[in-house]
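Undergrad: My structure is below; once you've seen it, I'll send some questions.
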Amino acid sequence: MRTPVIAGNWKMYKTVAEATALVQEMRGELVALSSVERVLCPPFTALSAVAGLVQGTGIGVGAQDMYWEKEGAFTGEISPLMVRELAGYVIIGHSERRQFFGETDETVNRKVHAALAHGLTPIVCVGENLAQNEAGETESFVSSQVRNGLAGLTPEQARGLIVAYEPIWAIGTGKPATGADANHIIGRAVRDSLAQLFGRAVADAIRIQYGGSVKPGNIAEFVSQPEIDGALVGGASLKAADFVSIVRQTAEAKGQ
């Protein structure tokens, strides 16, 4: 059985002091929910503080992005070696990075290769916009993102990643996909594409999350679906009670 994984993407929220307070508020309850893989992804400035607070607890820490070179004259960038000092996970290809900062399938692919080469677990984001969804292009577009973003990986490397399906039209809008629709896209466009790339056995072992307006009131609808192995949580991860509830309901739904 695939271990469910809930990751909180804090985006550009929380100073170091605020991040410290948030972790202290929810750490005890999260520690007790050890059957779910829990990952906190604060801004770069708070990574060190958060990593220190959860050290030895089993709670993971992730960065929200990274560059693919290990060092060099790349002002403002953070290398996988730097991330690895503080975190075990890294979000790659989030739709906001694609929309606002020029991320492409090619750069996603470079970052995925670099993350895996340096022992990090990439959380690779894919998802269509509203126009693509309404035009019936979701499956073809998401499949293309999976194939291009993960090109050149070996099956063994692919076992070390997580995929997050996040329909762009659902992120931060309060209008999530239905559990059944998300399950269908994850099974057909994501997992079937993984099977074409790496074989069915590997595809069946890779965890796939849903993301997009996930909250305590709807998490059970998603994680009760057979193809959905957890969630990449945005706004609800900034509230201790909400994030703990999401993790707890995931544990219950998955029988963990």
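Undergrad: Could you list all residues from the range 6-20 that are free of Cβ contacts under 8 Å to residues at least 60 places away in the same chain and not hydroxyl-bearing (Ser, Thr, Tyr)? If you could, list the steps in order and put the result at the bottom.
TA: Narrowing the range 6-20 to residues free of Cβ contacts under 8 Å to residues at least 60 places away in the same chain: 12, 15-20.
Once the filter is applied, which keeps residues that are free of Cβ contacts under 8 Å to residues at least 60 places away in the same chain and not hydroxyl-bearing (Ser, Thr, Tyr), the range 6-20 yields 12, 16, 17, 18, 19.
Undergrad: Under 7 Å between Cβ atoms, which residue pairs at least 6 apart in sequence (or on different chains) link something in the range 68-79 that is β-branched (Val, Ile, Thr) with a partner that is at pLDDT 95 or above and open to solvent by 80 Å² or more (accessible area, probe 1.4 Å)?
TA: Hits for this filter: 78/44.
Undergrad: Do we have any residue at all in the range 161-169 that's open to solvent by less than 10 Å² (accessible area, probe 1.4 Å), among the small types (Gly, Ala, Ser) and under 27 Å from residue 66 (Cβ atoms)?
TA: Looking for residues that are open to solvent by less than 10 Å² (accessible area, probe 1.4 Å), among the small types (Gly, Ala, Ser) and under 27 Å from residue 66 (Cβ atoms), one finds at least one in the range 161-169, hence yes.
Undergrad: Among (1) in contact (Cβ under 8 Å) with a residue 24 or more places away in the chain; (2) farther than 30 Å from residue 227 by Cα, where does residue 34 come up short?
TA: (2)
Undergrad: Next question, about the same structure. Looking only at the range 194-219, which residues are open to solvent by 10 Å² or more (accessible area, probe 1.4 Å) and modelled with pLDDT under 95?
TA: Result: 213, single match.
Undergrad: Restricting the search to the range 9-64, which residues are touching a strand residue (DSSP E or B) at 6+ places or on another chain (Cβ under 6 Å), buried (at least 22 other Cβ atoms within 10 Å of the Cβ) and in a helix (DSSP H, G or I)?
TA: 30, 50
Undergrad: If you scan the range 194-219, which residues turn out to be under 18 Å from the mean Cα position of the chain (by Cα), more than 21 Å from residue 132 (Cβ to Cβ) and not in a loop (DSSP other than H, G, I, E, B)?
TA: 203, 204, 205, 207, 219
Undergrad: Now for a separate question. Kindly indicate whether residue 177 is in contact with a strand residue (DSSP E or B) (Cβ under 8 Å, 6 or more places away or on another chain), closer than 25 Å to residue 119 by Cα, outside any helix (DSSP H, G or I) and small (Gly, Ala, Ser).
TA: Details: in contact with a strand residue (DSSP E or B) (Cβ under 8 Å, 6 or more places away or on another chain): yes; closer than 25 Å to residue 119 by Cα: no; outside any helix (DSSP H, G or I): yes; small (Gly, Ala, Ser): yes.
Here the answer is no, as residue 177 does not meet what is asked.
Undergrad: Could you list, in sequence order, the residues of the range 131-174 that are out of contact with any helix residue (DSSP H, G or I) (no Cβ under 8 Å at 6 or more places or on another chain), in a helix (DSSP H, G or I) and under 19 Å from residue 230 (Cβ atoms)?
TA: Correct list: 170 only.
So that you can scan it fast, the table gives a plain yes or no per residue for (1) open to solvent by less than 50 Å² (accessible area, probe 1.4 Å); (2) more than 27 Å from residue 31 (Cα to Cα); (3) without any contact (Cβ under 8 Å) to a residue 24 or more places away in the chain; (4) in a loop (DSSP other than H, G, I, E, B):
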{"site": "187", "(1), (2), (3), (4)": "yes, yes, no, no"}
{"site": "192", "(1), (2), (3), (4)": "yes, yes, no, no"}
{"site": "221", "(1), (2), (3), (4)": "no, no, no, no"}
{"site": "237", "(1), (2), (3), (4)": "yes, no, no, no"}
{"site": "243", "(1), (2), (3), (4)": "yes, no, no, no"}
{"site": "248", "(1), (2), (3), (4)": "no, no, no, no"}
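Undergrad: Here's a follow-up. For the range 141-159, indicate whether the set of residues that are buried (at least 20 other Cβ atoms within 10 Å of the Cβ), hydroxyl-bearing (Ser, Thr, Tyr) and in contact (Cβ under 8 Å) with a residue 12 or more places away in the chain is non-empty.
TA: Checked the range 141-159: no residue is buried (at least 20 other Cβ atoms within 10 Å of the Cβ), hydroxyl-bearing (Ser, Thr, Tyr) and in contact (Cβ under 8 Å) with a residue 12 or more places away in the chain.
Undergrad: Checking residue 173 against (1) β-branched (Val, Ile, Thr); (2) under 30 Å from residue 23 (Cα atoms); (3) at pLDDT 95 or above, which test does it fail?
TA: Going through the list (1) β-branched (Val, Ile, Thr); (2) under 30 Å from residue 23 (Cα atoms); (3) at pLDDT 95 or above, residue 173 breaks only (3).
The values are calculated or read from the model by the stated rules, or taken from the named source; none is laboratory data. Bear in mind the structure is a predicted one, so any value in this text is a computation, not a measurement. Ideal geometry is used to build each Cβ from the backbone, glycine not excepted, and the neighbour counts take in all protein chains shown. Remember, those area values only see protein heavy atoms, side chains included, never the ligands or the DNA or RNA. Shrake-Rupley method; radii C 1.70, N 1.55, O 1.52, S 1.80 Å.
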